[in-house]
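Engineer: Below is the structure I would like to discuss, written out as structure tokens.
Values in this text are rule-based calculations from the coordinates and carry no lab data. Since the structure is predicted, the reported quantities are computational estimates derived from the model, not experimental observations. Every residue, glycine among them, receives a Cβ derived from its backbone with ideal geometry; neighbour counts consider all protein chains shown.
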Amino acid sequence: MPCIQSLLSKAKDRLATSSDSAALDAEVLMCNVLGKPRSYLRAWPEKTLNASEINAYWQLIELRQQGQPVAYITGQKEFWSRDFIVTQDVLIPRPDTEILIELALTLIPKHQPAKIIDLGTGSGIIAITLAAERPLANIIATDQSAAALTCAKSNATRHETNNVSFINSNWFNQIPISQFDLIISNPPYIAEDDIHLQQGDLRFEPQSALRAKDQGLSDIKIIISEARNYLKIDGYLLIEHGYNQEQQMQKLFADFNYQQITTYQDYANQPRVTLGRWHG
């Protein structure tokens, strides 16, 4: 029987033309079959697999060759050092969204209560991470997709975050007027005709969570406008957006009279998150 090292080498070669991260993908899928961490592959490269394990592995490799995202194949993805359940009803968590978490944690004191709402929660990574990091916070997570909320609730159970509640809502439609310290969102922001929607993992992700009308700004405009009715005086609105939308974001926040408007860069030094403070 072939060993781990040999299978990984062959899998990497098979994935070379279909993935930009062939070696990593091969290892992650191997770990999924074996139920082991990646460190196991380093410690036991000569370990052989049985026939059923080998067959299962090549089935996963074939799915990846067809373009299926690794997160959908394995059903999970790491975010902020936690493993989250991921289904095809939600976006795949990405490192850029951790910028939202970093900024939110600087705005919400650890030892004080706070009211937060996460709009369009998807798999729940933002709301649940903030709930875990700020246990005194009361957090509402919304999504218009019932299937997405089912995934998010599973993740809340997995990470034992009891300070998150979930509401099926299209943005603020089902949210009673309240006063939040922080409104946070990673909404759809890709233009409908953007060629990237036909490339890579984006081809398999829910399009309603990716694209928006008005060159990707239609949902963002709704959030920026309506958030004013839900923020406390001196509360914050924090939105993730496209790398090419900084100027439009700055203008929209200004048009709706937010103050201290600041855009922050992601790990690739691209404009990714804009913050505004509501003074009323």
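Engineer: How much length is gained on full extension from residue 193 to residue 133, taking 0.36 nm per residue of separation minus their Cα-Cα distance?
Structural biologist: On the way: separation 60, 0.36 × 60 = 21.60 nm, distance 3.76 nm.
This chain segment gains 17.8 nm when fully extended.
Engineer: Within straight cross-link reach of residue 10, meaning Cα distance under 18 Å, which aspartates and glutamates are found once same-chain residues fewer than 8 apart are removed?
Structural biologist: Reachable aspartates and glutamates: 20, 25, 27, 46, 53, 62.
Engineer: Hey, which lysines would be in cross-link range of residue 213, C-alpha to C-alpha under 26 Å, not counting anything within fewer than 8 residues on its own chain?
Structural biologist: Partners found: 221, 251.
Engineer: Take the Cβ-Cβ distance between residue 9 and residue 88 as r, set R0 to 25 Å, and report the resulting FRET efficiency rounded to the nearest 0.05. Show your work: numbers first, answer last.
Structural biologist: On the way: r = 30 Å, r/R0 = 1.20.
The formula returns an efficiency of 0.25 here.
Engineer: According to the square roots a ≥ b ≥ c of the eigenvalues of the Cα gyration tensor, what is the shape class of region 166-280, taking rounded for a/c under 1.5, prolate for a/b larger than b/c otherwise, and oblate for the remainder?
Structural biologist: On the way: a/c = 2.13, a/b = 1.41, b/c = 1.51.
Since a/c reaches 1.5 but b/c is at least a/b, the shape of region 166-280 is classed as oblate.
Engineer: Want the number for residue 204 to residue 154: 0.36 nm per residue separation, take away the alpha-carbon distance, what's left?
Structural biologist: On the way: separation 50, 0.36 × 50 = 18.00 nm, distance 2.15 nm.
Here the segment from residue 204 to residue 154 would lengthen by 15.8 nm.
Engineer: Please report Rg over Rh for the chain, where both radii come from the alpha carbon positions and Rh follows the Kirkwood definition. All intermediate terms of the calculation are to be shown ahead of the outcome.
Structural biologist: Working: Rg = 20.5 Å, Rh = 20.1 Å.
Taking Rg over the Kirkwood Rh, I get 1.02.
Engineer: Moving on. For q = 0.13 Å⁻¹, what log10 I(q)/I(0) does region 4-67 give under the Debye formula with an equal point scatterer on each alpha carbon and no solvent?
Structural biologist: Taken in order of the listed q values, log10 I(q)/I(0) reads -0.29.
Engineer: Sticking with this structure for a sec: Pop a pseudo-label 7 angstrom from the Cα along the beta-carbon direction at both residue 54 and residue 74 and give the gap in nm to one decimal.
Structural biologist: 2.4 nm
Engineer: Oh, and also: Could you give the length gained by full extension between residue 226 and residue 260, i.e. 0.36 nm per residue of separation minus their alpha carbon distance, to one decimal place? List each step's numbers first, then the result.
Structural biologist: On the way: separation 34, 0.36 × 34 = 12.24 nm, distance 1.83 nm.
Contour length minus the Cα-Cα distance gives 10.4 nm.
Engineer: At a Cα cut-off below 27 Å, give the lysines reachable from residue 110, other chains included and same-chain residues fewer than 8 away excluded.
Structural biologist: Residue 110 reaches 77, 153, 232.
Engineer: Pick from 217, 49, 29: which is most flexible by mean-square fluctuation in a GNM of the chain where alpha carbon atoms under 10 Å apart are linked?
Structural biologist: 49
Engineer: I've got another one for you. Quick check: from the Cα gyration tensor, does region 57-157 come out rounded (a/c under 1.5), prolate or oblate?
Structural biologist: Values: a/c = 2.77, a/b = 2.04, b/c = 1.36.
It comes out prolate by the Cα gyration axes.
Engineer: Starting from the 7 Å offset along Cα-to-Cβ, what nm value, one decimal, do you get for the label separation of residue 46 and residue 165?
Structural biologist: 6.0 nm
Engineer: Per DSSP helix of 4 or more residues, -39500 (n - 2.57); summed, then divided by the residues of the chain. What does that give at 222 nm, rounded to the nearest 500?
Structural biologist: Calculated at 222 nm, the ellipticity per residue is -11000 deg cm²/dmol.
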